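Student: Encoded as structure tokens, here's the structure I'll be asking about.
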């Protein structure tokens, strides 16, 4: 991988030149969800509340020697499911429903996977492995000369994840992520690649002729992100594929230099790669894998972009260039292959492909490292996945309904270090939560800042180069990988500011609407009315059913009274109260 | 109200309890606690251009001579005056560690190892370890002004400034992103005043207290709550010091990072600082580029050293300069060099046994076994200097014990 280019892409995004398209076309309004609308319906009594949750993973939590952890209540479980699947709170009616009947939970799992937000979750999940969601810049050239450079980049770099999202959301076999004969593009990406299909929005289009069908392996974004320093003959790309799709990372292996090899002699090094036991342990399989990628331009961004559409990044005439470099024919762990099309087909039927998906999905939703997922759990989930004909939603459903996903706390101090009872919301989830609750999006329209600038709206929560994605605890898919599972000073400052912005918006805008999302009674000040509104807020914001005379409500009332006394202004008092509720531990963890 | 002592004590105890496994010993740790600045040379530098002269290699860069600065051999050339200038001035307080075997040629894996000693990157890096041991209660003990840092279980003590200094938009309402009336999300903004903020904290503290009494009694749940409280307190202190963090929208080059770093150290806002020199060192073509890149790097290091002197921080501060890997001894077909798993690092500042190079790279840049205490490759207890020993040694140089996190003997030859 050559970093220089990316450093240039991501450099110097001065505020005057920034923009970004909205993160997705999905709405995220608070919706009442019909649990019966899911694809698999509701099976009454299937979860059974705290004691008898339907655990489809069959993991280790049932071991007799391990003390049983404390589990979430049904409504808490629903909050966790809703946050995990779509980044928003359940509606109050959804919560009431599962309080009455915990057996409705599986139906809600299915329903939430059909609704807004799930697609972004799928993209985020897969970005942990594919790492394509990077902030970059493409020049604003005709016909995109009225678009901000990094809005163009956002579209171009999102195509891989959009394809995966579409396959999962549309209940297509998961194997299509490496076999599909389509791309997913929006208007900007279509212009960059010269696709004139007359469509609009994110849509599926046939891949260009001459390029084998291999799902994300046929897509440009994956290989724009995982460039190749040509001198390494695409081995980095081979490892990116192996690591992401098979959970087999060659980089995990230590390299022990054999002092008998003359490292200054290129021929001696090349010979060693095929004969020296220390070398062939990796290169016997890595190099044939890498030979699939010679047709894909190694570092396409090293040349200045001067026009759109871009020249084709796949050059069929180069498919056999491996002959002049490593001399290793394309192959897949001992099986013959020819191009990325056959590679995709081989990956799709490899048992490691489904096992890796099971491992990554579970790790994502449980907020743990994929390497820490037990083989028993992987095996069980893999079986569910395989038996469903590779329906990703079946795999996710099993995770959502597993005992591990319902854990709230350890039941004793002895096992407490191993029990993770809080799952940290990522910045995009916080953005979705806040927008769903308040209607507020924290963004910056660049053309309002600079009327002559190209179009582009910067999402301040989801942007890493200018916004707060990294300060909020996520990575940038390039220099900062992974997310933190706790808080630090900068994440705390981020949440504090986000809460203040949203609260201000609620009081000034949303509360004046015909149907306010949060302050249904408006800027009331009379004590009983304030208490009643606070009860609603606890339920809506935190999923907590509290009594009007509970400690939580009394504390919130005291806060409201103190704020009102300080300013004498009901609007400020409600801004203060809402800010506090949106800075609560329960916003950042679910 | 949960007291500061309560949450700090519990977090520290938790860290010790959960990350143990190797008995803690203070042996081989510098007596004086020192601040640590890491300068990460992103991309993989070609050490043959400076601190690891190999004049007999066919791929050696243009050079005038292998100059000795005290006992540090350095490849010098008129086109790279800043390298010469650095060692002319600071060789007495500088040391070079050779033969660090990273055992990988992957950027990300090497990076993790050189920072944390571990391929997973799950552990804290030396900056975090040092800050946690010496200044846990600072507002931002580990201040990450560059792109790269690994905080692992010590995330709570770290903080980032952001690639464009966007932390300022969170610290100072006057530096916030603008709001426009034409936006569908327009509002006037809200900044709680002192009384309002006190009321907010009272509400949050009461909620947290109840959470601690139920789900948050023990273990990781307890740690999350403690981190949450600690983060709020530290964030509040940072807001009081907003004027020292620059301004939003500023691309942070090396000199900007140095200025932020030293200001934070000088004002006791941070104890460790992570700087990233993103100058474009991953040159697989045209290896000559490395010369000018290193010239720029050493110019920046001279400025850093001089600034430490000017601010009377030098004796209290250790600076570690390292890349994730080095580059091959031979040129590839594009006159460039590819990734190589053996590298060298530079340290300078207070407490450094300066004017010397420790360990060695062989003729083909292979790692030579070394005695960790003396740095000799000829005699003593000769062992492989891997990244765990490097990280443990770096922490030890700053007076911190890394053994709770990595079970390795520290490389201590460069401790004065």
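Student: Looking only at region A:454-494, filter to residues that are more than 19 Å from residue B:147 (Cα to Cα), more than 9 Å from every other protein chain (Cβ to nearest Cβ) and outside any strand (DSSP E or B); which one of those is farthest from the chain's Cα centre (by Cα)?
Tutor: Checking each candidate, the answer is A:454.
Student: Check off (1) within 12 Å of chain B (Cβ to nearest Cβ); (2) in contact with a helix residue (DSSP H, G or I) (Cβ under 8 Å, 6 or more places away or on another chain); (3) under 25 Å from residue B:387 (Cβ atoms) for residue A:233 and give me the number that stays unchecked.
Tutor: The number of the failed condition is (3).
Student: Taking residue A:438 and the conditions (1) surrounded by fewer than 24 Cβ atoms within 10 Å (Cβ to Cβ); (2) modelled with pLDDT of 95 or more; (3) over 19 Å from residue A:490 (Cβ atoms), which numbered condition does it fall short on, given that it satisfies the others?
Tutor: Result: residue A:438 passes all but (1).
Student: Could you list all residues from region A:509-538 that are crowded, with 17+ Cβ neighbours inside 10 Å, at pLDDT 95 or above and in a helix (DSSP H, G or I)?
Tutor: A:530, A:531, A:533, A:534, A:535, A:537, A:538
Student: What helices (runs of 4 or more DSSP H) completely inside region B:110-225 contain at least 1 residues that are more than 9 Å from chain A (Cβ to nearest Cβ) and in contact with a strand residue (DSSP E or B) (Cβ under 8 Å, 6 or more places away or on another chain)?
Tutor: B:126-135
Student: Condition (residue is at pLDDT 95 or above and within 14 Å of chain B (Cβ to nearest Cβ)) applied to region A:274-288: is it met by at least one residue?
Tutor: Yes, there is a match, as at least one residue in region A:274-288 is at pLDDT 95 or above and within 14 Å of chain B (Cβ to nearest Cβ).
Student: Within the bounds of region B:51-71, is there any residue that is surrounded by fewer than 21 Cβ atoms within 10 Å (Cβ to Cβ), touching a residue at least 40 places away in the same chain (Cβ under 8 Å), in a strand (DSSP E or B) and in contact with a strand residue (DSSP E or B) (Cβ under 6 Å, 6 or more places away or on another chain)?
Tutor: Yes.
Student: Take the residues of region B:226-248 that are surrounded by fewer than 19 Cβ atoms within 10 Å (Cβ to Cβ) and in contact with a helix residue (DSSP H, G or I) (Cβ under 6 Å, 6 or more places away or on another chain): which is nearest to residue B:200 (Cα to Cα)?
Tutor: Here the residue is B:239.
Student: While we're on this one: What is the number of the single condition among (1) buried (at least 24 other Cβ atoms within 10 Å of the Cβ); (2) more than 10 Å from every other protein chain (Cβ to nearest Cβ); (3) farther than 30 Å from residue A:69 by Cβ that residue A:406 does not meet?
Tutor: (3)
Student: Among A:433, A:386, A:377, which is more than 19 Å from the chain's Cα centre (by Cα), away from every other protein chain (no Cβ under 14 Å) and either modelled with pLDDT under 95 or buried (at least 19 other Cβ atoms within 10 Å of the Cβ) (or both)?
Tutor: Result: A:377 is the single residue among A:433, A:386, A:377 that is more than 19 Å from the chain's Cα centre (by Cα), away from every other protein chain (no Cβ under 14 Å) and either modelled with pLDDT under 95 or buried (at least 19 other Cβ atoms within 10 Å of the Cβ) (or both).
Student: Okay, next question. Kindly indicate which of A:443, A:515, A:526, A:508 is at the interface with chain B (Cβ under 7 Å from one of its Cβ atoms) and out of contact with any strand residue (DSSP E or B) (no Cβ under 7 Å at 6 or more places or on another chain).
Tutor: Step by step, each of A:443, A:515, A:526, A:508 is checked, and only A:508 is at the interface with chain B (Cβ under 7 Å from one of its Cβ atoms) and out of contact with any strand residue (DSSP E or B) (no Cβ under 7 Å at 6 or more places or on another chain).
Student: Which condition from (1) more than 17 Å from residue B:157 (Cα to Cα); (2) more than 8 Å from every other protein chain (Cβ to nearest Cβ) is the one that residue B:264 breaks?
Tutor: Evaluating residue B:264 over (1) more than 17 Å from residue B:157 (Cα to Cα); (2) more than 8 Å from every other protein chain (Cβ to nearest Cβ) leaves (1) as the failure.
Student: Oh, and also: Can you pull out the residues in region B:285-321 that are surrounded by 24 or more Cβ atoms within 10 Å (Cβ to Cβ), without any contact (Cβ under 8 Å) to a residue 60 or more places away in the chain and within 14 Å of chain A (Cβ to nearest Cβ)?
Tutor: Selection gives nothing.
Student: Just the residues that are buried (at least 19 other Cβ atoms within 10 Å of the Cβ) and away from chain A (no Cβ under 14 Å), please, taken from region B:335-354.
Tutor: Of everything in region B:335-354, those that are buried (at least 19 other Cβ atoms within 10 Å of the Cβ) and away from chain A (no Cβ under 14 Å) turn out to be B:344, B:345, B:346, B:347, B:348, B:349, B:350, B:351, B:352, B:354.
Student: Residue check: is residue A:499 within 30 Å of residue A:409 (Cα to Cα), touching a helix residue (DSSP H, G or I) at 6+ places or on another chain (Cβ under 7 Å) and within 10 Å of chain B (Cβ to nearest Cβ)?
Tutor: yes
Student: Does residue A:239 satisfy the condition of being under 25 Å from residue B:387 (Cα atoms), within 12 Å of chain B (Cβ to nearest Cβ) and assigned to a helix (DSSP H, G or I)?
Tutor: The answer is yes for residue A:239.
Student: May I ask you to list the residues in region A:468-481 that are in contact with a helix residue (DSSP H, G or I) (Cβ under 9 Å, 6 or more places away or on another chain) and touching a residue at least 40 places away in the same chain (Cβ under 8 Å)?
Tutor: A:468, A:469, A:472, A:473, A:474, A:477, A:478, A:481
Student: What helices (runs of 4 or more DSSP H), lying completely within region A:345-430, carry at least 3 residues that are within 23 Å of residue A:120 (Cβ to Cβ)?
Tutor: A:351-366, A:392-400
Student: Whether any residue in region A:545-553 is within 8 Å of chain B (Cβ to nearest Cβ) and either over 20 Å from residue A:427 (Cα atoms) or not in a helix (DSSP H, G or I) (or both) is what I want to check.
Tutor: Yes, there is a match, as at least one residue in region A:545-553 is within 8 Å of chain B (Cβ to nearest Cβ) and either over 20 Å from residue A:427 (Cα atoms) or not in a helix (DSSP H, G or I) (or both).
Student: OK, next. Kindly indicate the residue of region A:258-272 that is at the interface with chain B (Cβ under 10 Å from one of its Cβ atoms) and in contact with a helix residue (DSSP H, G or I) (Cβ under 8 Å, 6 or more places away or on another chain) and also surrounded by the fewest Cβ atoms within 10 Å (Cβ to Cβ) among those meeting that condition.
Tutor: Within region A:258-272, the match that is surrounded by the fewest Cβ atoms within 10 Å (Cβ to Cβ) is A:258.
Student: Of the residues B:40, B:86, B:69, B:7, which is within 29 Å of residue B:274 (Cβ to Cβ) and modelled with pLDDT under 95? Walk me through how you get there before you give the answer.
Tutor: Numbers: B:40 fails: modelled with pLDDT under 95; B:86 fails: modelled with pLDDT under 95; B:69 fails: modelled with pLDDT under 95.
On inspection, the qualifying residue turns out to be B:7.
Student: Then there's this: Given the options A:124, A:135, name the one that is out of contact with any strand residue (DSSP E or B) (no Cβ under 9 Å at 6 or more places or on another chain), part of a loop (DSSP other than H, G, I, E, B) and closer than 18 Å to residue A:477 by Cβ.
Tutor: A:135 is the lone residue from the list that is out of contact with any strand residue (DSSP E or B) (no Cβ under 9 Å at 6 or more places or on another chain), part of a loop (DSSP other than H, G, I, E, B) and closer than 18 Å to residue A:477 by Cβ.
The values are calculated or read from the model by the stated rules, or taken from the named source; none is laboratory data. Source: prediction; values computed, not measured. We place every Cβ from the backbone using ideal geometry, glycine too, and count neighbours over all the protein chains shown.
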